[in-house]
1. Out of the range 227-254, which residues are part of a helix (DSSP H, G or I) and either touching a residue at least 60 places away in the same chain (Cβ under 8 Å) or buried (at least 18 other Cβ atoms within 10 Å of the Cβ) (or both)?
2. Going by the structure shown, is residue 280 in contact (Cβ under 8 Å) with a residue 40 or more places away in the chain, under 26 Å from residue 183 (Cβ atoms) and either assigned by TED's automatic domain parsing to the domain that holds residue 196 or assigned to a helix (DSSP H, G or I) (or both)?
3. Which residues, counting only those in the range 197-228, are over 13 Å from the mean Cα position of the chain (by Cα) and under 20 Å from residue 62 (Cα atoms)?
4. What number goes with the only condition from (1) touching a strand residue (DSSP E or B) at 6+ places or on another chain (Cβ under 8 Å); (2) surrounded by fewer than 18 Cβ atoms within 10 Å (Cβ to Cβ) that residue 143 does not pass?
5. Applying the selection to the range 172-190, what residues are touching a strand residue (DSSP E or B) at 6+ places or on another chain (Cβ under 6 Å), farther than 19 Å from residue 64 by Cα and touching a residue at least 60 places away in the same chain (Cβ under 8 Å)?
6. Go through the residues of the range 90-102 one by one and say whether even a single one is in contact (Cβ under 8 Å) with a residue 12 or more places away in the chain, touching a helix residue (DSSP H, G or I) at 6+ places or on another chain (Cβ under 7 Å), assigned to a helix (DSSP H, G or I) and farther than 23 Å from residue 190 by Cβ.
7. What's the number of the only condition in (1) closer than 29 Å to residue 292 by Cα; (2) surrounded by fewer than 17 Cβ atoms within 10 Å (Cβ to Cβ); (3) in contact (Cβ under 8 Å) with a residue 24 or more places away in the chain that residue 193 fails to meet?
8. When residues of the range 292-313 are filtered for being in a helix (DSSP H, G or I) and out of contact with any helix residue (DSSP H, G or I) (no Cβ under 7 Å at 6 or more places or on another chain), how many remain?
């Protein structure tokens, strides 16, 4: 009887310790409710470093009647574990899907934290190739940037793929999500998640709020995609970076659209005048400087990428 009592007490102690650990992790990794059953953690508006542990992108989850879908898992295995703890603080339902909006490391490197949930990993059908192409660089770069915070991180690719021509609908139980892939825009593997119940849209990095958007795809494609997204009837939008948007969500798209339209127009003028990339990086889009965080870090890169695309129109 004494041994049985000791085993029982030990099990209770372990359970209590686990709950306390999860609670502590959840408090260190706060999530905000955007709509009924939809939560997100807002990443800091910085580049990844050891102080912020690479927690710079928005991550989150959607709770249905049967199960939970995760949308983006963060910049490392450790961030993924923090997100998992935040989920368990809200619900003990099974996690059936992990959805990645694209293959940038701050959005999918937390995937390994969800391996044991037996969830299905979903992404744009071009995402596996994008991961393979940059895996070696990302591993070297982010292990150096994050140091010990990168420990345990793995490159887990989606197994269920969504093509541009065929959006899919998944059901969490009385909650349908529409997953849509797009032609090359922010990247060549962007995907959005629309919760039909609340009309809440997860954009991934197709929308940046306050932080300057980073062009890693096509400026023409991204502007076309913005028009499509603005046409959807929505109540809330969760961007890839920055705070969630409600009544004024179209204004957030307007700001991003204005930035890209401005630099496209000015670059085209320089190209027509037989100017160079150097001319463009020194003069284009300077009126936007005071409107965006990290402008000096990304603006010239955007100009270079856009110029390379537009000179061959």
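The values are calculated or read from the model by the stated rules, or taken from the named source; none is laboratory data. Note that this is a predicted model, so its numbers are computed, not measured. Virtual Cβ from ideal backbone geometry, glycine too; neighbours counted across all protein chains shown.
1. Going residue by residue through the range 227-254, those that are part of a helix (DSSP H, G or I) are 227-230, 249-254.
Hits for the range 227-254 are 229, 249, 252, 253.
2. Working: in contact (Cβ under 8 Å) with a residue 40 or more places away in the chain: no; under 26 Å from residue 183 (Cβ atoms): yes; either assigned by TED's automatic domain parsing to the domain that holds residue 196 or assigned to a helix (DSSP H, G or I) (or both): yes.
Answer is no for this residue.
3. Those that are over 13 Å from the mean Cα position of the chain (by Cα) and under 20 Å from residue 62 (Cα atoms): 197, 198, 199, 200.
4. (1)
5. 186, 189, 190
6. Within the range 90-102, none of the residues are in contact (Cβ under 8 Å) with a residue 12 or more places away in the chain, touching a helix residue (DSSP H, G or I) at 6+ places or on another chain (Cβ under 7 Å), assigned to a helix (DSSP H, G or I) and farther than 23 Å from residue 190 by Cβ.
7. For residue 193, the exception is condition (2).
8. From the range 292-313, those in a helix (DSSP H, G or I) are 295-310; that's our starting set.
Within this subset, residues satisfying the condition of being out of contact with any helix residue (DSSP H, G or I) (no Cβ under 7 Å at 6 or more places or on another chain) are 296-299, 301, 305, 308.
Residues in the range 292-313 being in a helix (DSSP H, G or I) and out of contact with any helix residue (DSSP H, G or I) (no Cβ under 7 Å at 6 or more places or on another chain): 7 in total.
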